[in-house]
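What follows is a single structure, written as structure tokens, with notes after it.
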Amino acid sequence: MSKTHRDITSLIHHPYTPPIGFEAPQQGVFKASTVYFPTVADMRQREWKDKSAYTYGLHGTPTTYTLEERLCTLEGGAQCVLVPSGLAALATVALALLKSGDELLLPDNAYGPNKALAEGELRHYGITHQVYDPMDPEDLARKIGPRTRLVWLEAPGSVSMEFPDLPEMVRRCQAQGVLCALDNTWGAGLAFKPFDLLGDAAGAGQRGSLAVDISAHALTKYPSGGGDVLMGSIITQDPALHLKIKLCHMRLGLGVAANDAETVLRSLPSIDLRYKAHDQTARALAAWWQAQPQCAQLLHPAFDGSPGHAHWQAVCERTPGTGLAAGLFSVMIDPRYSQTQVDAFCDNLKLFKIGYSWGGPVSLVVPYELGSMRQGWPAHLKRGTLVRFSTGLESAEDLMHDLIQATQAHLPWIS
């Protein structure tokens, strides 16, 4: 064997191990598919389900375990699994808990891809679904039947921003023994705690607190904060429920990239600062819109008159003036303006970019055809064209000037 070949073998099997004890602000990044075992006996004894050891990169590394534990702290949960996107979190919950013949309930204002999942893949698997009025706990209770196994909740609703009576919705599910899962992307573990909805003295997840069974979170949004990572999480309190989800997660072969996990870990320490900055800017712009004659209705949970404002106060603002509400709001543009005019207004914005998602540094805008997204036009929403705004981290004054110039150009007041 040549010296070159021996050198390559020595390179691959180099004996050097760096000394332990290195600490720095950011966690190390562990990339692995293969994980080594010192002996066959050790390989056979290791367990990945409880995070007590490592067996294969797909089942966890120090990087992903660390992110999972920190997300549990953020939301008040006990166990977490990471998936490649927020939608993957919704899909994994459904696939883990539902089988042919079961029924799923969705709010009428649910995130569109979750509805599409129910209407497509889940229906093909023999899983049926119904849609309930997100602002009516009685409607939810009436539609829970003997085949209902899972209820999805959103607070607030996607696009139209209604805030439901979340505690009452959870109570209705608990009374009929049905699991309830919350899409907690908007709340992000900051506006309210999904496992402690009443702020009980018992604390999050403890006996006596009112909690959802599952919190799904699109880490793509506020935890990432950069608009450059796709990731989701599924957080639970009950170990048996977590194990069902974790085993399904394993069988589906879902995993996240170590560098993506690193990016979210790096962003998490600033999430509170960023969330509050988004919130403050959104409220300033929403207040401006509320005063404009072109605005038929402002849809922002923290504003009096917005659908579900009292419910937001009960869950997010137990002490006046302290409630958080993220950086998302919608405006119903007066129906006297055509879709073409509204689209031109969006096109003419300079700082607001046209694009989906939210929670990143750049402000976004999207006009929606709400009528095509709902079973019927909700009584609590005025007629018009809905435009959703996501505030970034730009100057609120600069964003307001952008709104003013685009409004003057394409949405002049019609007396």
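None of the figures in this text is laboratory data; all of them are computed from the coordinates on show. Just so it is clear, the model here is predicted, and its values are computed rather than measured. For neighbour counting, all protein chains shown are included, and Cβ atoms are generated from backbone atoms with ideal geometry for every residue, glycine included.
Under the shape rule built on the C-alpha gyration tensor, where the axes satisfy a ≥ b ≥ c, the stretch 289-415 is oblate, since a/c reaches at least 1.5 while a/b does not exceed b/c. For Tyr132, the amide hydrogen comes within under 5 Å of the amide hydrogens of Leu106, Asp108, counting only partners 5 or more places away or on other chains and with H modelled in the peptide plane. Along the axis of the charge dipole computed for the stretch 40-269 (Cβ charges of +1 for Lys and Arg, -1 for Asp and Glu, origin at the Cα centre), the listed residues Val151, Ala96, Thr263 are led at the positive end by Ala96. Taking label points 7 Å from Cα along the Cα-to-Cβ direction, Ile404 and Thr55 give a separation of 6.2 nm. Proximity of backbone amide H atoms, modeled 1.01 Å from N, is registered between Gln297 and Met332 at under 5 Å, excluding neighbours fewer than 5 places apart on the same chain.
Comparing Phe195, Phe22, Phe30 in a Gaussian network model of the chain where C-alpha atoms under 10 Å apart are linked, the largest mean-square fluctuation is found at Phe22. Using 0.36 nm per residue, how much length does the chain from Glu47 to Gln341 gain when fully extended, once their Cα-Cα distance is taken away? Full extension from Glu47 to Gln341 adds 99.9 nm. Entry note, the chain: the mean residue ellipticity at 222 nm calculated from DSSP H runs of n ≥ 4, each adding -39500 (n - 2.57), is -10500 deg cm²/dmol after division by the residues and rounding to the nearest 500. My understanding is that a pair violates if its Cα-Cα distance is over 31 Å; which of Lys193/Lys244; Lys49/Lys221; Lys143/Lys353 do that in this structure? Exceeds cut-off: Lys143/Lys353. Across Glu75, Glu154, Glu121, mean-square fluctuation computed from a Gaussian network of the chain (C-alpha pairs under 10 Å connected) peaks at Glu121.
Evaluating 6.51 cos²θ - 1.76 cosθ + 1.60 at θ = phi - 60° for every residue in the stretch 44-57, the Karplus couplings come out as 6, 8, 5, 10, 9, 5, 9, 6, 7, 7, 10, 10, 7, x Hz, glycine and proline recorded as x.
Label separation (Glu69 vs Trp377): 5.4 nm, computed from points 7 Å beyond Cα along the C-beta direction. Counting every other Cβ atom within 10 Å of each residue's Cβ, Leu219, Leu58 order from fewest to most as Leu58, Leu219. Candidate cross-link partners of Lys350 among the aspartates and glutamates, defined by an alpha-carbon separation under 19 Å and a same-chain spacing of 8 or more, comprise Glu394, Glu397, Asp398, Asp402.
Across the stretch 394-406, rounded Karplus estimates of 3J(HN,Hα) from the backbone phi angles (6.51 cos²θ - 1.76 cosθ + 1.60, θ = phi - 60°) give 6, 4, 4, 5, 5, 5, 5, 4, 5, 4, 4, 5, 6 Hz, Gly and Pro being marked x.
Checking Cβ-Cβ separations below 4.7 Å across the chain identifies Cys72, Cys80, Cys248, Cys295, Cys316, Cys346 as cysteines lacking any candidate disulfide partner. Each residue, Leu247 and Val29, gets one label point 7 Å from its Cα in the Cβ direction; the gap between the two is 3.5 nm.
Backbone geometry of the stretch 18-28 corresponds, through the Karplus equation with coefficients 6.51, -1.76 and 1.60 at θ = phi - 60°, to 3J(HN,Hα) couplings of x, x, 7, x, 6, 9, 8, x, 9, 6, x Hz, x marking Gly and Pro.
Spatial offset of the stretch 1-60 relative to the stretch 158-177 amounts to 46 Å, using the alpha carbon center of each.
Annotation: amide H of Thr185 within the under-5 Å range of Ala218, sequence separation 5 or more or interchain, hydrogens built in the peptide plane. The charge dipole of the chain, taken about its Cα centre with unit charges on the Cβ of Lys, Arg, Asp and Glu (plus for the first two, minus for the last two), comes to roughly 980 debye.
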